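To start, the structure itself, in C-alpha cells.
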Amino acid sequence: MVWMFSVLCSLAIMGISGIVPLDGTPLASDEPPGFLLLWTRYSAHLAFFFLLAAFLASTARRRWRHPATRVLMSYRRQLGLGFATAHAFHLAALTLFLLNLEGFSATASLAVAAFGYVVTTALAVTSNNWSVRRLGVNQWRLLHTTGINILMLYFFVAFGAAFIQKGDTVYAVYVFAIIGAVVAKVSARETRLQRATE
Ligand code: HEM
C-alpha cells in the first residue's frame, strides 16, 4: 500500500515538474530549469520524505506509545521500499537529464553518488523475511542500520551543498530535520541502554 503510494506520488511529482517550467523552456534546460532538472530535484525531495519516515519509525515508537507510532512502525519496511521506489524515479530523471546535458562527463563524485544506489539496492532486495533468516538477525540489522545511516548522510551532504549554493530556507529545514532525527535516535538508544543496565 505504501509502495503504491510512493509510485503515485512519484508520478504526481513527474507531472508537476512538467507543469512548473516557464512556457517554452526546453525539456532538458539547465537554466532556467526545464522538466528534466525539476523532475530530478523534486523526485529526490520525495525520496527523502520516505527515507526520513523509515529512519524515524522506531525512534518515534520508543518515545510515544501512541497507535499512530505503532502504525508507522508496522509500515517501516514498506516505507523503506517506498524510498527505494521514489529514488528509482530520481535515477530515471537524472539519467535523462545528464544524457541531454551538453558537455557532461563522468567524474569521481559521480561514482560516490552512484554508490548510494548500490546501498539503496542492497537494502531494497533484503527487505523481506527470507533475507532476515538467511543473513541472521544481527547481520541483517547491521546491514540496514549502516545502509540507512549512509543514505541519511548522502541527503545531509546534498541538501547542505544545495543550501550553501542557493541559500533557500527549505534546504536549511531539511538539514536541521536530519540533525534532529539523528539526535533523537541516538538519545532514544541511550535511554534504552540506560534502562537495560538499571
Ligand atoms: C544516494 C544517492 C543520491 C542521493 C541521496 C541524491 C540526492 C539528491 C538531492 C537531495 C537532490 C536535490 C538537490 C536540490 O534540490 O537542489 C538531488 C539532485 C540531483 N541529483 Fe541526486 N542523489 C543521489 C544520486 C545521484 C546520482 C548517482 C546522480 C548522478 C550524477 C545524481 C544527480 C543529481 C542531479 C543532476 C540533481 C539536480 C541538481 C540540481 O538541482 O542542479 N544524484 N540529488
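The values are calculated or read from the model by the stated rules, or taken from the named source; none is laboratory data. No experiment lies behind these values; they were computed from the predicted model shown. Using ideal geometry, Cβ is built from the backbone for each residue, glycine included, and neighbour counts are taken over all protein chains shown.
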Selection status of Ala84, within 29 Å of Gly15 (Cα to Cα), within 11 Å of the ligand (Cβ to nearest atom), touching a residue at least 24 places away in the same chain (Cβ under 8 Å) and buried (at least 19 other Cβ atoms within 10 Å of the Cβ): yes
Any pair with Cβ under 8 angstrom, 6 or more apart, that starts in the range 167-184 at a residue that is part of a loop (DSSP other than H, G, I, E, B) and ends at one that is at pLDDT 95 or above: Asp168/Ala162
Residues of the range 135-148 that turn out to be within 15 Å of the ligand (Cβ to nearest atom) and farther than 18 Å from Gly180 by Cβ, as a count: 2
Residue count, the range 103-130 (criterion: crowded, with 16+ Cβ neighbours inside 10 Å and in contact with a Phe, Trp or Tyr (Cβ under 9 Å, 6 or more places away or on another chain)): 6
Some residue of the range 67-83 being part of a helix (DSSP H, G or I), touching a Ser or Thr at 6+ places or on another chain (Cβ under 9 Å), closer than 23 Å to Leu37 by Cα and among the hydrophobic types (A, V, I, L, M, F, W, C): yes
The range 119-130: number of residues that are within 25 Å of Leu153 (Cα to Cα) and part of a helix (DSSP H, G or I): 7
Complete set of residues in the range 24-41 that are within 8 Å of the ligand (Cβ to nearest atom) and either surrounded by 23 or more Cβ atoms within 10 Å (Cβ to Cβ) or closer than 15 Å to Leu91 by Cβ (or both): Leu37, Thr40, Arg41
Sole exception among (1) within 14 Å of the ligand (Cβ to nearest atom); (2) closer than 19 Å to Ser6 by Cβ; (3) over 14 Å from the mean Cα position of the chain (by Cα) for Leu151, by number: (3)
Failed item, numbered, when Leu101 is tested on (1) assigned to a helix (DSSP H, G or I); (2) more than 19 Å from the chain's Cα centre (by Cα): (1)
